[in-house]
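Enquirer: Sharing a structure here in structure tokens format.
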Amino acid sequence: MERSDVLIVGGGPAGLSTALFLLHERPDLKGHIRVLEKARYPREKFCAGAIGARADRLLATIGVDVDVPSVSVHSMSVVTSQGRASHSVPSIGRVVRRIEFDHRLAERARERGVEIVEGARVESVHIESDGVSVATSQGPFTGRVLVGADGVGSVVRRSLGLSFGRYRAQVIEIDTEEAEGDPDRRTLHFDLSDPTLTGYFWDFPTLVDGKALYCRGVYEVGGVVENAGDAADVPLEERFEKRLKAQGLNLGDYKQKRFGERGFELHIPFASPRVLLVGEAAGIDPITGEGIAQAIEYAHAAAPYLARKLAVDDTQFSDWNEHVRKSRIGFDLGVRTRIVSLCFGKRRTMMERYLLQTPSLLDAALKGWGGQKIPLTTLARLGFASALLAAKMPFQ
């Protein structure tokens, strides 16, 4: 089979967007970028489906729209052990179904000249002096360089000898009808009221085959040093079941979708000669587990980097970590990784109090999620408060 300039393992948002942004940077690579996807579209992908508008705005810069059924989001509500807060910002994002979103994104990539090989489950990866070779269920593929965009269980990551990472998360989600106490269908709701859970419950509006439902779930991240003792060992399913009963729902009545996630850790390399990682293969936000918009932001950072490296035949990728660190996605994930223990550790109570008493924090969170401008004064204040919390200092 003809050798590709760029082989991409993984046909989700990270892999497909990397191909699209790279083609925008280097139109001459049309027909020379190949994506290997283990499943066949349309394929299900377990995910709550919330996507910040910043992702759609990035794709729009290269004329790509992913027009699928979705629920527009304009607000967020949060409940903690100390109270409730809510805030609204117009047009900050939407909730999609990955079975539809990924399929449409793949169609957009094919329209622009990206070759996508479906049903190509990767079996092994071999790095050679003059390129890479990938053995798959559809046969061997070779390329000049390889992009690992194959998610939490990344075969490419394992081929580099990298560990899973410290911040391992587990998730259970279901789709249900509306329940008593649900927020309106423009709101993402987060429930952090269980102080022993290093994570949260969620209720997001969603559309399943045109039917208005709610996606509900529980997210728990490990690797946070401080915990709540014996209470932290309660099985995730038991926690979720208890919360659903309080909403008048029975977990056993719904199909459970379980999956894992990997948090971002900048000190772990995400590249080796001829290979680099993007999206969840590299790591995503350990606090919320958000992945779709971050996958597209990784791609936006990777494309100009790859274009420059290929142009000068520098495929060592020794500075990929540094490039990520200086990019918007790297800065954002770096901040979130540094404060994960504030959100779920011993200083959680102070952090939650600050969240409830500081409307500008929710405003900044929503605007950041939606890709809108955040006033510098707000960012400075939030950064100062986080530093005080991290230093275990009281603040007013």
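Where a number appears in this text, it was derived from the coordinates with a stated rule and is not lab data. Remember, predicted model here, so these are calculated numbers, not experimental data. Positions of Cβ are backbone-derived with ideal geometry, glycine not excepted, and every protein chain shown enters the neighbour counts.
Enquirer: Do any trypsin sites (Lys or Arg not before Pro) in region 1-62 lie in a loop, going by DSSP, with at most 12 other beta-carbon atoms within 10 Å of their beta carbon, and if so which?
Expert: On the way: sites: Arg3, Lys30, Arg34, Lys38, Arg40, Arg43, Lys45, Arg54, Arg57; in loops: Arg3, Lys30, Lys38, Arg40, Arg43, Lys45.
Listed in order of number, the matching sites are Lys30, Arg40.
Enquirer: Still on this structure, I have one more. Hey, how many Å between the Cα centroid of region 128-147 and the Cα centroid of region 304-343?
Expert: With region 128-147 and region 304-343 each reduced to a Cα centre, they are spaced 24 Å.
Enquirer: In vacuo Debye scattering of the chain, one point per C-alpha: log10 I(q)/I(0) at q = 0.07 Å⁻¹?
Expert: So the normalised log intensities work out to -0.32.
Enquirer: Oh, and also: Which order results if Ile116, Ile287, Ile127 are arranged by neighbouring Cβ count within 10 Å, fewest first? Display every interim value, and only then the final one.
Expert: Values: Ile116 20, Ile287 24, Ile127 14.
Lowest count first: Ile127, Ile116, Ile287.
Enquirer: Oh, and also: When the Kirkwood hydrodynamic radius is evaluated over all pairs of different C-alpha atoms of region 102-207, what value in angstrom, to one decimal, is obtained?
Expert: Final number for the Kirkwood radius of region 102-207 is 18.2 Å.
Enquirer: Now for a separate question. P(r) tail for region 168-261, what percent of Cα pairs lie past 19 Å? The partial results should precede the final answer.
Expert: Values: 1745 of 4371 pairs.
In whole percent, the long-distance tail amounts to 40.
Enquirer: Compute the acute angle (0 to 90°) between the alpha-carbon long axis of helix 348-357 and the principal axis of greatest extent of the alpha-carbon atoms of the chain; round to the nearest 10°.
Expert: 80 degrees
Enquirer: Also, I was wondering about something else. Just to verify a number: FRET efficiency for Asp313 and Arg338, C-beta to C-beta distance, R0 = 41 Å, to 0.05? Let's see the in-between values first.
Expert: On the way: r = 36 Å, r/R0 = 0.88.
For R0 = 41 Å, the calculated efficiency reads 0.70.
Enquirer: Please list, in order along region 29-36, the HN-Hα scalar couplings obtained from phi with the Karplus expression 6.51 cos²θ - 1.76 cosθ + 1.60 (θ = phi - 60°), rounded to whole Hz, x for Gly and Pro.
Expert: 8, 4, x, 10, 10, 10, 9, 9
Enquirer: Run lengths n ≥ 4 of DSSP H only: what is the helix-derived mean residue ellipticity at 222 nm for the chain, with -39500 (n - 2.57) per run over all residues, to the nearest 500?
Expert: Details: 12 runs with 131 residues, N = 396.
For the chain, the value works out to -10000 deg cm²/dmol.
Enquirer: Testing the spin-label approximation: label points 7 Å from Cα along Cα→Cβ at Thr61 and Ser124. State their distance in nm.
Expert: 4.0 nm
Enquirer: Out of all Cα-Cα pairs in region 209-323, roughly what percent, to the nearest whole number, are more than 24 Å apart? Provide the component values of the computation, followed by the final result.
Expert: Numbers: 3165 of 6555 pairs.
In whole percent, the long-distance tail amounts to 48.
Enquirer: Please give every one of the aspartates and glutamates within straight-line cross-link reach of Lys346, meaning a C-alpha to C-alpha distance under 18 Å, and leave out same-chain neighbours fewer than 8 residues apart.
Expert: Asp194, Glu220, Glu226, Asp230, Asp233
Enquirer: Same structure, new question: In straight Cα distance, which lysines are under 27 Å from Lys38, not counting same-chain residues fewer than 8 positions off?
Expert: Leaving aside lysines fewer than 8 places away in the same chain, those within reach of Lys38 are Lys30, Lys255, Lys257.
Enquirer: While we're looking at this one, here's another question. Relative to 2.2 N^0.38 Å, what does the C-alpha radius of gyration of region 1-109 come to as a ratio? Two decimals please. Present the calculation step by step, with values, prior to reporting the outcome.
Expert: On the way: Rg = 17.1 Å, N = 109, 2.2 N^0.38 = 13.1 Å.
So the Cα radius of gyration is 1.30 times the expected 2.2 N^0.38 Å.
Enquirer: Another question, then. Quick one: 3J(HN,Hα) in Hz for region 290-303, Karplus 6.51/-1.76/1.60 with θ = phi - 60°, rounded, Gly and Pro as x.
Expert: 4, x, 5, 4, 5, 4, 6, 5, 4, 4, 4, 6, 6, 4
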